[in-house]
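Values quoted throughout were computed directly from the atomic coordinates according to the rules given, and no laboratory measurement underlies them. In this text, all values refer to a predicted model and were calculated from it rather than measured experimentally. So basically every Cβ, Gly included, is an ideal-geometry build from the backbone, and we count neighbours across all protein chains shown.
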Amino acid sequence: MSAESTPDPGIPGETGSTSSRRRAAAKGRRRKPPTGRRRALTATAWTAAGIVVLGGAGAGYLFLKLNDNLKTVDINQALGTDRPTAADNGSENILVLGSDTRAGGNKKLGGGTDDGSARSDTAMIVHVYQGHKTAGVVSIPRDTLVDRPECTDAQGGEHRAAHNVMFNESYGTGGAACAVKTVESLTGLRMDHYLEVDFSGFQKLIDDLGGVEVTTTKAIHDPNSHLNLAAGTHTLDGQQALGLVRTRHGVGDGSDLGRIQLQQAFVKALLTQIKQVDLFGNPKKLYDLADTATKAVTTDSEIGSVNSLLSFAGGLKGIGAGQMHMITMPVQYDSGNANRVVIDETKARQVWNALRADRPIPASATEGTATGEAKDVVSAS
């Protein structure tokens, strides 16, 4: 039998000519655009390919090593069912914390003594809108006075409620679970995921990227955060970047609100830098970054594996600096203590209602609130 007359093995009983007609018809159909899931799987596949190039037969070992790097916390188990209802519109809320523990390698970077405690130096609610093409980010000042609800930490320890305490005390008291419980209590929004980054991991990640370029409109000098920048364009290494996101006395009104404005500007510069790095063209750099990143973060257990984290990140890869709207939670300075702020409840309600409905945050939500006076001091170059 000639090759031309051989039956098509794809569908039993069809002749080659019939099958060929079907294939020809299929060629005329338009392919469906890739879904978020397919894009995420593509990202995972390319990353896996990079690791295979590096490790060959040892690729499995490299995956296991990256998985072993990750630290996770079971938020759902710790908090139980007494939580806000998860959104059903395709949006997601992620609580991102920067931990300023002085333990281990963070002691030298953070200064001070290792007293066994840790605080959330940075806190951001990232709301990913339906379709995962845009995001809204709400920074929570660490100095905000809040009522912390009773909570159970990840080890099962119970902590009583507390009135009029600083927001970052919730993490210091009960870790990630209590921080999530406090944010959910303040906002009425369910936090679908949790990501925490520490000092040393953040610094090394910036160094592995080759630095991040920013432009400063004013000189920033802060001996407390070891930062000394003249006005102009700089490629910040890890230590300088850490100093920038931690400084509060070098610019603005010296408050945590000014620091938040610098943090938000740096995040946008970082996103711009990441998009310019050809990771897939350099498998070793790809692995080094993956190794650093997985050592630096603590996640909730649902995304606590390399594949899950890659799939999650792949679904967000279309969101760049231009698709991210960043604000600070509406607050006013506390009349009794200029170093503390209190929530502007009316305006904050506008923010939480908008995110709950998956709508853009209205400009009116931040009009007339305390700012920190460091806006536009730093920008992406």
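So here's what we get for this one:
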read-out: FRET efficiency for Gln130 and Thr235, using Cβ-Cβ distance with R0 set to 35 Å, rounded to 0.05; value: 0.45
read-out: Modelled FRET efficiency - R0 22 Å, Ser335 with Asp253, Cβ distances, 0.05 increments; value: 0.85
read-out: Stokes-Einstein diffusion coefficient of segment 288-350, Kirkwood radius over Cα pairs, 4 °C, 1.567 mPa s, in µm²/s; value: 84 µm²/s
read-out: Mean Cβ neighbour count within 10 Å, used as a protection proxy, ranking 199-206, 183-190, 222-229 highest first; value: 199-206, 183-190, 222-229
read-out: Charge dipole (debye, nearest 20) of segment 179-303; +1 at Cβ of Lys and Arg, -1 at Cβ of Asp and Glu; value: 260 debye
read-out: Entries in Lys218/Lys347; Lys133/Lys204; Lys218/Lys375; Lys204/Lys295 that, when Cα-Cα distance is taken, lie over 19 Å; value: Lys218/Lys347; Lys133/Lys204
read-out: In Hz, Karplus ³J(HN,Hα) per residue of segment 228-243 (6.51, -1.76, 1.60; θ = phi - 60°; x = Gly, Pro); value: 9, 10, 7, 5, x, 9, 9, 9, 7, 7, x, 5, 5, 4, 4, x
read-out: Alpha-carbon Debye profile of segment 222-381, log10 I(q)/I(0) at 0.13, 0.19 Å⁻¹; value: -0.83, -1.34
read-out: Cut-off 19 Å, label 7 Å out along Cα→Cβ of Asp207, residues of segment 280-304 by amide N; value: 284-297
